[in-house]
Structures are given as C-alpha cells and as structure tokens.
Amino acid sequence: MTSANKYHLPKGSSADGPYDLLVTPESAGWGYSGLRILALKPGEAHALSTGDSEFLVLPLTGGCTVAVDGQTFQLDGRAGVFTSVTDFAYLPRESAAVISSASGGRYALPSARTERNGFPARYGRKENVPVELRGAGACSRQVNNYCLPGTFDADQLLVCEVLTPGGNWSSYPPHKHDEARSGIESALEEIYYFEVAGEDGFGYQRVYGTPERPIDVLAEIRTGDTVLIPHGWHGPSIAAPGYDLYYLNVMAGPGQDRAWLICDDPAHGWVRTTWDSQETDPRLPFGAKENDR
C-alpha cells in the first residue's frame, strides 16, 4: 500500500509565499496538473508567469483585476464558494499576468502543462457556466462546469466545482480515469481542493487502487486541505451531517483530445440505477446561482 500522507496535503503543508497552496507537476510527482491558491490583501497585486502551462484565475472569495497580454479583465468574483458561481479568466501558456484586488480575496489558479498555445487570454462569464445537479437522494450534488469539453475551450485543462449538502456522498459511485481507452476512459491526473462550511466542518475522501497499481487513502478533510489522485478509484467524497462540502477538481493528462471519460468501479456502479426512484435533494442548488441567470 502507498502512504496516504503523500497524497493528502493538510491546509498549510504546501504553502509557499503568497500561495496558501502550491501544487506543481513536479511537487505532485506527475506530468500535467497543477493548482495554486492565491491570497491577496486589499490593494495587493501578484505577478504570474504561466510558463509551459495554461491557467484559470477563478475567484473563491472576492473580485480581482487580471491584466494579461495587453488586455484587462475585471472579475466580479463572489462572496464565497457556497453563494454562487463566479466569472473567471483564462491565461495561455507563455503569458505574463498581474492579478490585483482592491478589496482582497482568495483565488484558485488551476493549471495544466501543455505543448500548444491554441487559445488566447479571455474572460469567462458566470452566466455561461453550466450548473448541473447530479445523482439523487443522499447522492445528490451540484457541479459547476467551468472549463470542460463543451463548456469552455482550453488545450488540456479541465476544471469544475462540486458542492455536496451535509450528510450526502458525492464523487460516487467510485470511478477512475487513469487509462487511455478510446471512447471509454481518459488518462487524467486529478487534484481535489476542499472547503467545508462551518468553523468545525469536516468530511472524508477515499482513494483506492488495484493490485497492479496500489493506492490507499482515507483522509479526514477540512477547509484548505487537498488530495492528489494520480490513479485509482476515487470516491466517495463524504460531507459530514451539518457541514456542506465544496471541492474544486483540476484535471489534465497526456491525451491531446481533451476528453473526460470515466469508468465506474464495477462493484458499485449499480448504485446509479437507484437514482431513478429518488428525488434530488431539495437543498440544491446552493445560493443564488439560478437567480443570477
């Protein structure tokens, strides 16, 4: 079995300078996916060189201004991850950007290493972010599809948010995407970044592998924690009763077709068939997302 400590990064354990979290392909021990959580005080600015990766600037709290490639994008942001979706900005590889905020805030900077530079810097409107309700009953959750095939163009980067009401399970049935199988499964490295509602809120994340590729993680997660998933079945993500759970998913891999294809664990995939007879959790959707449309 591989050690869970390598894949569970508690809050602060991977902080570096202005970043509350810094995960690079090198630090993760893989090839493509990265994530930074940038904290800015009121009036602060941060210079970001994208290098060989494409990035999003995705506000978690607060708004900001993004200057890149001769353009300036004003991001309205949001009060928090449970209140609404947000607008965002896309940064191409080999770009120099400056992120500044008059009010201060925290900003997710998901990234993917890419050899191409197929898309320019541009603004993503919150009104164009598809909000999807998945599952039913205790498996109900909300998915904000920011940067996926069919929702926003990028070279390699895949980004979404999942919000799970307290007491529910998401990322379930357990699934994987670690083999390139045409039309069936993609090979993607994945990062889960968590926030939990409530000062004492917590949840759990499970990751497990196969005899050929073992991995064994059962982590109690709290706000600011991160779990790295290089391979293997992942799920469930469990929200403790009374504490809503948020996580940001960042994915990238070697495939040039930018597909997100998953395979359920055959021992548990049958659970999907039970959703037809259950209602979606009435606590969804979160916040004012639907009213903003």
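Each value in this text was obtained by applying a stated rule to the coordinates, not by laboratory testing. All figures in this text were calculated on a predicted structure; none of them were measured in a lab. Virtual Cβ from ideal backbone geometry, glycine too; neighbours counted across all protein chains shown.
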Looking at the calculated P(r) for the range 110-244, what percent of the C-alpha pair distances fall above 24 Å? 36
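Below 11 angstrom from the Cβ of residue 69, what's the summed charge of the other residues (Lys, Arg +1; Asp, Glu -1)?
On the way: positive: 122; negative: 94.
That works out to 0.
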Restricting to DSSP loop positions (anything but H, G, I, E, B) with no more than 14 other Cβ atoms inside 10 Å of their own Cβ, which trypsin sites (Lys or Arg not before Pro) remain in the range 114-166? 116, 125
May I ask you to list the residues of the range 222-248 whose amide nitrogen lies under 15 Å from a point 7 Å from Cα along the Cα→beta-carbon direction of residue 263? 231-234
Give a residue-ordered list of calculated ³J(HN,Hα) values for the range 245-254 (Karplus: 6.51 cos²θ - 1.76 cosθ + 1.60, θ = phi - 60°; whole Hz; x for Gly, Pro). 10, 10, 9, 9, 9, 10, 9, 6, x, x
In the range 55-147, the GluC sites (Glu not before Pro) that fall in loop regions by DSSP, at most 11 other Cβ within 10 Å: 115
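For the chain, calculate the relative contact order in percent as a whole number, restricting contacts to Cα pairs under 8 Å that are 6 or more residues apart. Numbers along the way, then the final one.
Values: 814 pairs, mean separation 60.9, N = 293.
Across the chain, relative contact order equals 21 percent.
Counting pairs of Cα atoms in the range 171-246, how many percent are more than 17 Å apart? All intermediate terms of the calculation are to be shown ahead of the outcome.
Working: 1322 of 2850 pairs.
Looking at the range 171-246, the distances longer than 17 Å represent 46 percent of pairs.
Using Cα pairs under 8 angstrom and six or more residues apart, how large is the relative contact order of the range 13-113, in percent? Mind showing how you got there, number by number?
Working: 265 pairs, mean separation 37.6, N = 101.
Normalised by residue count, the contact order of the range 13-113 is 37 percent.
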What aspartates and glutamates could a cross-link reach from residue 126, if we take a straight Cα to Cα line under 16 Å and drop same-chain neighbours fewer than 8 places away? 76, 87, 153, 161, 290, 292
Segment residue 26-residue 47, extension gain: residue separation times 0.36 nm, minus the distance between their alpha carbons: 5.5 nm
Spin-label pair residue 180/residue 133, simplified geometry with 7 Å Cα→Cβ offset, distance in nm: 3.9
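What percentage of all Cα-Cα pairs in the range 230-286 are separated by more than 20 Å? The partial results should precede the final answer.
Numbers: 811 of 1596 pairs.
Counting every Cα pair in the range 230-286, those more than 20 Å apart make up 51 percent.
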Calc'd 3J(HN,Hα), the range 257-269, phi into Karplus 6.51 cos²θ - 1.76 cosθ + 1.60 (θ = phi - 60°), Hz, glycine/Pro = x, comes to 8, 6, 9, 10, 10, 10, 10, 6, 4, x, 6, 10, x
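For the chain, compute the orientation-averaged projected area of the C-alpha convex hull (one quarter of its surface), in nm².
Details: hull surface 58.4 nm².
It is 14.6 nm².
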What is the set of long-range amide H partners of residue 122 at a cut-off below 5 Å, with H atoms built 1.01 Å from backbone N? 90
Approximate spin-label separation residue 271-residue 15, in nm, with each point projected 7 Å along Cα-to-Cβ: 3.4
